[in-house]
1. Could you tell me whether any residue of the stretch 141-154 is more than 17 Å from residue 52 (Cβ to Cβ) and among the aliphatic types (A, V, I, L, M)?
2. Considering only the stretch 47-63, state which residues are over 12 Å from residue 120 (Cα atoms), acidic (Asp, Glu) and in contact with a Ser or Thr (Cβ under 6 Å, 6 or more places away or on another chain).
3. If I filter the stretch 70-84 for residues that are in a helix (DSSP H, G or I), among the hydrophobic types (A, V, I, L, M, F, W, C), surrounded by fewer than 18 Cβ atoms within 10 Å (Cβ to Cβ) and within 25 Å of the chain's Cα centre (by Cα), do I get at least one hit?
4. State yes or no: is residue 5 under 24 Å from residue 119 (Cα atoms), part of a helix (DSSP H, G or I) and not basic (Lys, Arg)?
5. Only one of these is over 16 Å from the mean Cα position of the chain (by Cα), surrounded by 17 or more Cβ atoms within 10 Å (Cβ to Cβ) and aliphatic (A, V, I, L, M): 4, 56. Name it.
6. Restricting the search to the stretch 34-46, which residues are within 22 Å of the chain's Cα centre (by Cα) and either closer than 15 Å to residue 127 by Cβ or exposed (fewer than 11 other Cβ atoms within 10 Å of the Cβ) (or both)?
7. Is it the case that the stretch 108-122 has a residue that's among the aliphatic types (A, V, I, L, M), without any contact (Cβ under 8 Å) to a residue 12 or more places away in the chain, closer than 30 Å to residue 164 by Cα and not in a helix (DSSP H, G or I)?
8. Collect the residues in the stretch 14-39 that are in contact (Cβ under 8 Å) with a residue 24 or more places away in the chain, among the β-branched types (Val, Ile, Thr) and closer than 21 Å to residue 130 by Cα, keeping them in residue-number order.
Amino acid sequence: MLRAWAAHLERFYATYTNTFLSSNKLHEIDLLDPRLIASFDDNEAIRRRRLANDYADAWHKLDDAVTTFSGSFYDDMRKEQISPERTSAEAQALINFVQKPETASKMASLRKLCKAEEDVGRGYNYAVSAVFDYGRMVSRMPNPGPGFRKQMDDQLGKLKETELIASEIRHETLACLGN
């Protein structure tokens, strides 16, 4: 039983840790400043969007790990060849715990945060693309039309809104988890 719990919690912790590693990578450099783009080849555009997508994917995987926590533990117990009776009893105890109102509320809050952060990653993807396209345009013509700048500014504005929503949800989640 301990090996099943250890494997389960280790995998969950790795998923949790990956969200923060992805966040650090996304924020290592300012992807939203077109003046910091050294190369305007397609590989650079893909690399920048990949950072945003990795962030969104990490939060999506954390949401999946929270959602399937009970079921995946059941699978871990079966892998450790724990008797069906003990597996059933342990799984039912975990399900009962997860369904308690306080626990369910905390898990729902965490899932809401995961979705908001995933949206931030998707927003970064669009904003990074718009910044890259604008930077590429400026590198080719010093004074591009205002429409190009507006496209970038619109995407940056949408990202800021998404980040603000995520920040509010983050505060709500921390308050909920702190209870």
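No value in this document is a laboratory result; all are computed from the given coordinates. It should be emphasised that the depicted structure is a prediction, and the values quoted were computed from it without experimental measurement. Note that each Cβ is placed from the backbone with ideal geometry, even for glycine, and that neighbours are counted across all protein chains shown.
1. Yes, because at least one residue in the stretch 141-154 is more than 17 Å from residue 52 (Cβ to Cβ) and among the aliphatic types (A, V, I, L, M).
2. Passing the criteria: none in range.
3. Going residue by residue through the stretch 70-84, those that are in a helix (DSSP H, G or I) are 70-79, 84.
Those left that are additionally among the hydrophobic types (A, V, I, L, M, F, W, C): 73, 77.
The next check asks that each one be surrounded by fewer than 18 Cβ atoms within 10 Å (Cβ to Cβ); those that pass are none.
Within the stretch 70-84 (the criterion being in a helix (DSSP H, G or I), among the hydrophobic types (A, V, I, L, M, F, W, C), surrounded by fewer than 18 Cβ atoms within 10 Å (Cβ to Cβ) and within 25 Å of the chain's Cα centre (by Cα)), the answer is no, since none of the residues qualifies.
4. Details: under 24 Å from residue 119 (Cα atoms): no; part of a helix (DSSP H, G or I): yes; not basic (Lys, Arg): yes.
When the stated conditions are applied, residue 5 does not pass them.
5. On the way: 56 fails: over 16 Å from the mean Cα position of the chain (by Cα).
On inspection, the qualifying residue turns out to be 4.
6. 45 - this is the single residue of the stretch 34-46 that is within 22 Å of the chain's Cα centre (by Cα) and either closer than 15 Å to residue 127 by Cβ or exposed (fewer than 11 other Cβ atoms within 10 Å of the Cβ) (or both).
7. From the stretch 108-122, those among the aliphatic types (A, V, I, L, M) are 108, 110, 113, 116, 120; that's our starting set.
Then keep just the ones that are without any contact (Cβ under 8 Å) to a residue 12 or more places away in the chain; that gives 108.
Filter once more, keeping what is closer than 30 Å to residue 164 by Cα: 108.
From what's left, not in a helix (DSSP H, G or I): none.
No, the stretch 108-122 contains no residue that is among the aliphatic types (A, V, I, L, M), without any contact (Cβ under 8 Å) to a residue 12 or more places away in the chain, closer than 30 Å to residue 164 by Cα and not in a helix (DSSP H, G or I).
8. Of the stretch 14-39, the ones in contact (Cβ under 8 Å) with a residue 24 or more places away in the chain are 15-16, 18-19, 21-23, 25-26, 31-35, 37.
Remaining after also requiring among the β-branched types (Val, Ile, Thr): 15, 19, 37.
37 - this is the single residue of the stretch 14-39 that is in contact (Cβ under 8 Å) with a residue 24 or more places away in the chain, among the β-branched types (Val, Ile, Thr) and closer than 21 Å to residue 130 by Cα.
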